[in-house]
Structure formats: C-alpha cells, structure tokens
Ligand code: SF4
C-alpha cells in the first residue's frame, strides 16, 4: 500500500483498510485544521487505487471494512466512485461496509439517485465534519458552507439510506459565541437527525490561522468548565428521535455518551456533577486529536 503523508480516519475506522483515493482536502481552508496543510490536493489515478486494492487483496485476503481517504472522497465524480466501489466488490465480496469523509457541498452536488446508488454499491456510512451550526462561526472558521447547506446535505444523505455520522467541536465559537454555538448546533442536529453525533473539544494546532488568533488574543479559548456549560446547552436543545451521542474523544475533558433522547437526562446529570466538582477534568497533557 502506498500512503502519502499522515493518513487520518475516524476513530470508528480503526480496523478498516484505509485506501487513499485523494490526497489532502479539496477545501483545506478551515482556520482550526492542520490535517492536510502539508499536502496539495489531488485525485489519485484509478490505476494507483486499483494497485493498492490488489496489494491489499494479496496481503490480507478478506477485508470487512474499507475507509476511502483522504479528507473528502465524495469530491470524486460518480464515474470514478462507481469504478472504485465495483472493484472493491469484485476483490472483496465479503466487505460489509465502505466509508469516507463527506463535505456537505459534495453531497449536494450528487443527486439523491446517485447517493442511493452509492449505498447500493457498498457505501455504508459517511462522516461529515460540521463543527458548528452557527453561520457566523462557520464563516469565521472559513468552513465554506452555510448551516442551511449543511442541513440540506445531511437530510439528503439520510434520505439515501446511508448512515450519517457528524462531528461538532466544543469551544469553536470561543468565549464570545459559545451560547450561539451550542444552540444553533443543536438546531442543525435536530433538523438532520443524524445516526451519530461526535462532539470533540477544540485543540489549537500550530501552523493554523486559529493558533495565530489565539496568540494575538483575538480568539479566546473556553476553559473546561465553560466547555461543560456549552455541552450542557447543546444537549439540552437537541430534539431527535434516535441518535447516538458521543463526547468521548481524546480531545474531550470528560467522557460523555448515550443514546438520544432516552439518555439525555442522564448525560445532563453527569455534566451537573462535573460542574459541582465531583469528577476531575482530563489534564491538558493527556488531551489529543
Ligand atoms: S476541517 Fe475538513 S474541510 Fe476543513 S480543511 Fe480540515 S479536512 Fe478540509
């Protein structure tokens, strides 16, 4: 397998075969993100991708899960995605699930019929980094998409039958906008009703615009208590029928998780206990991405 640079994948894809179909991120402008800063975006050729798949077949035999990297495999045109998925079907008939990151605008560029076709060809789950439901914050972090586009893309994916996992970032609005961030993110989650919500906590990485903004005092980071208050407000305002909520990433100060709506009160009570000082926060040195 030929991997170029650091390869990122969601935690739930830890045991999947990772195949780079693109290098880097087509957008690559988010102010907080350092993941693909050292890569210039390009699409790998079908020949290179097939080579990796043949090599994986020879080396590992049957594979059950495959993650298409890097930052947004859905940027590929349907013809190419179709060819890759058919090749996976041919080489790995036992493969149960293919997944990828998906940017909202790339989802919107595909018709509902095309998304349904991707599902029929094996795409089982897509991961969408939403970060915030607030249009002001989305603009500040240069996400390149609005909350209404995010909602439209999320609903379209749900209609296609592909499972949807979304991530938001605690603290991405800073001290100035934590309330808007919590409430408007909850509105977006309620409007989409994704299958999974992952809530990370902001970690400011060197070589990012946000790093500079923090250093010059323009962006003020939340402390752990403020992160908890923000998480509380977010959870309180989410209105969904069946969604797994997890805030147990290496970046989080406290591990929280459950199924919404039935575990909402339990999770809110845990946050209240934390705020009363009954549990301690993860030390900064043990936080990671
Ligand atoms: S957060 Fe996602 S869309 Fe934004 S630059 Fe990073 S990989 Fe690209």
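Computed quantities for the displayed model
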read-out	value
Pairs where the first residue, in segment 129-147, is under 19 Å from residue 231 (Cβ atoms) and the second is part of a helix (DSSP H, G or I) and within 13 Å of the ligand (Cβ to nearest atom), C-beta under 6 Å, 6+ apart	130/150; 132/138
Residue match in segment 44-51 (condition: farther than 14 Å from residue 80 by Cβ and away from the ligand (no atom under 16 Å from the Cβ))	yes
Selection count, segment 1-19, where residues are within 19 Å of the chain's Cα centre (by Cα) and within 16 Å of the ligand (Cβ to nearest atom)	8
Residue that is surrounded by the fewest Cβ atoms within 10 Å (Cβ to Cβ) [pool: residues in segment 165-179 that are on the phi < 0 side of the Ramachandran plot and assigned to a loop (DSSP other than H, G, I, E, B)]	175
Segment 20-34: number of residues that are crowded, with 19+ Cβ neighbours inside 10 Å, closer than 12 Å to residue 8 by Cβ and near the ligand (Cβ under 10 Å from one of its atoms)	3
Selection count where residues are touching a residue at least 60 places away in the same chain (Cβ under 8 Å) and either loosely packed, with under 13 Cβ neighbours inside 10 Å or within 15 Å of residue 233 (Cα to Cα) (or both), scope segment 261-288	1
Residues that are over 18 Å from residue 156 (Cα atoms), away from the ligand (no atom under 16 Å from the Cβ) and not in a helix (DSSP H, G or I), drawn from segment 62-109	62, 63, 64, 65, 66, 92, 93, 94, 95, 96, 97, 98
Residue within segment 137-159 that is buried (at least 21 other Cβ atoms within 10 Å of the Cβ) and over 27 Å from residue 187 (Cβ atoms) present	no
Conditions (1) within 16 Å of the ligand (Cβ to nearest atom); (2) crowded, with 22+ Cβ neighbours inside 10 Å; (3) in a helix (DSSP H, G or I); (4) touching a residue at least 40 places away in the same chain (Cβ under 8 Å); number of the one not met by residue 182	(1)
Selection from segment 111-132 of residues that are part of a loop (DSSP other than H, G, I, E, B), in contact with a helix residue (DSSP H, G or I) (Cβ under 7 Å, 6 or more places away or on another chain) and away from the ligand (no atom under 16 Å from the Cβ)	121, 122
Every residue from segment 35-54 that is within 23 Å of residue 105 (Cα to Cα) and buried (at least 18 other Cβ atoms within 10 Å of the Cβ)	35, 36, 44
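FYI, it's all coordinate maths here, none of it is from the lab. Owing to the predicted nature of the structure, the values given are computational and were not obtained by experimental measurement. Neighbour counts run over all protein chains shown; Cβ positions are idealised from the backbone, glycine included.
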